[in-house]
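This report refers to the structure that appears directly beneath it.
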């Protein structure tokens, strides 16, 4: 129970109060008037200790407030979510930092970190809280191991920055174990799973009702494009009508999400390229455009291939979420939208496609990337190699 609390001064417009519990313990409280995204004040409390006079406690309270002024100035709040948002803003101004990286950090903060530890004062976060958050992310399947490592990378850099600002006394991340990657059971969808996925999206693509199920049809079309071309989700969402012409597809841009807003950029590794479309996919795209013409007020060369009802491009994160829900509903317990890219690459190589041409279609700078990351062995490979081994053993007879 508090028996005393009185204002003792201000630090950069932040009102500082001194209080004492009935146990005799003193504390300082700061009222932060401009918390990020909030209109109301936020209160931050700091324990000072026992056995001191009010003058000594007031001096310690103001000294503590001085150490926090840098953190309050950049974030407007000492909550973990606000401090991390300020750190990401700081990274955005660092020369050489990829905009896509800060965009990914913002998405991870908003969707995964903030719900877990965002409301906790940054000075009160402990290593076991972060470790428990990692464990929940991994066990729920909400994030891939590589994404959990990105979360760790973000938090590790942030806590070093917080120490420089004086917002925390210790770098708690030095006591948090780096998340361990686990190798995926399979990196591609086998034939029976591809068949199940295609059967699931077929009714959606066949529904030609004007303006109905706009997002679902765009999502289904994205799946068909990924299976037929191996494009990344950002590249698919960045496609415009002018990129599809005479049976060919031009990959000129990708769509990313920066600070919650969609932005166009150059494809990964500057992999601008032209691809010949499978006839079935070309026909499906032309049917998709004809369907869009029945309900969109105006279409043209710059109309997004994947667009919402209002004509805006659909975001890659929305496509990924929809696809994950689709495959889980089909009883497929593994894989994400990016697995469609693995499936496409593996199918081309299994069909004896030229590796150099496969790498070009996928937008890889090196064939080694194609072999190391996107080509997966199938049971049929072992059988074919056994037959070949038998021929070699016979001297090629």
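Can you find even one residue in region 231-239 that is over 25 Å from the mean Cα position of the chain (by Cα) and part of a helix (DSSP H, G or I)? Please lay out each step first, then the result.
So in region 231-239, the residues over 25 Å from the mean Cα position of the chain (by Cα) come out as none.
Looking through region 231-239, none of the residues is over 25 Å from the mean Cα position of the chain (by Cα) and part of a helix (DSSP H, G or I).
Can you say whether residue 232 is surrounded by 13 or more Cβ atoms within 10 Å (Cβ to Cβ) and closer than 30 Å to residue 328 by Cβ, as far as the supplied structure shows? Full working, then the answer.
Details: surrounded by 13 or more Cβ atoms within 10 Å (Cβ to Cβ): yes; closer than 30 Å to residue 328 by Cβ: yes.
Answer is yes for this residue.
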| request: Tally the residues that are touching a helix residue (DSSP H, G or I) at 6+ places or on another chain (Cβ under 8 Å), farther than 17 Å from residue 207 by Cβ and surrounded by fewer than 14 Cβ atoms within 10 Å (Cβ to Cβ), restricting the search to region 300-324. | output: 3
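Conditions tested, residue by residue: (1) more than 22 Å from the chain's Cα centre (by Cα); (2) under 27 Å from residue 206 (Cβ atoms); (3) in a helix (DSSP H, G or I).
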position: 250; (1), (2), (3): yes, no, no
position: 257; (1), (2), (3): no, no, no
position: 283; (1), (2), (3): yes, yes, yes
position: 289; (1), (2), (3): yes, yes, yes
position: 298; (1), (2), (3): yes, yes, no
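Does region 240-247 include one or more residues that are within 19 Å of residue 217 (Cβ to Cβ) and either assigned to a strand (DSSP E or B) or not assigned by TED's automatic domain parsing to the domain that holds residue 209 (or both)? Break it down stepwise before answering.
Narrowing region 240-247 to residues within 19 Å of residue 217 (Cβ to Cβ): 240-241, 243-244.
Keeping just the survivors that are either assigned to a strand (DSSP E or B) or not assigned by TED's automatic domain parsing to the domain that holds residue 209 (or both) gives 240, 244.
Yes, region 240-247 has at least one match.
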| message | For region 147-202, which positions are over 30 Å from residue 230 (Cβ atoms), over 26 Å from the mean Cα position of the chain (by Cα) and modelled with pLDDT of 85 or more? | response | 170
| Within region 254-275, tally of residues that are touching a helix residue (DSSP H, G or I) at 6+ places or on another chain (Cβ under 9 Å) and under 15 Å from residue 229 (Cα atoms) | 5
| remark: Filter region 72-86 for residues that are within 11 Å of residue 161 (Cα to Cα) and crowded, with 24+ Cβ neighbours inside 10 Å; the one that is modelled with the lowest pLDDT is 83
| message | Conditions first: (1) assigned to a strand (DSSP E or B); (2) closer than 17 Å to residue 362 by Cβ. Residue 226 passes all but one, so which condition is the exception? | response | (1)
| Would a scan of region 262-281 turn up a residue that is exposed (fewer than 13 other Cβ atoms within 10 Å of the Cβ) and within 21 Å of residue 203 (Cα to Cα)? | yes
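The values are calculated or read from the model by the stated rules, or taken from the named source; none is laboratory data. These numbers come from a predicted model, not from an experiment. Using ideal geometry, Cβ is built from the backbone for each residue, glycine included, and neighbour counts are taken over all protein chains shown.
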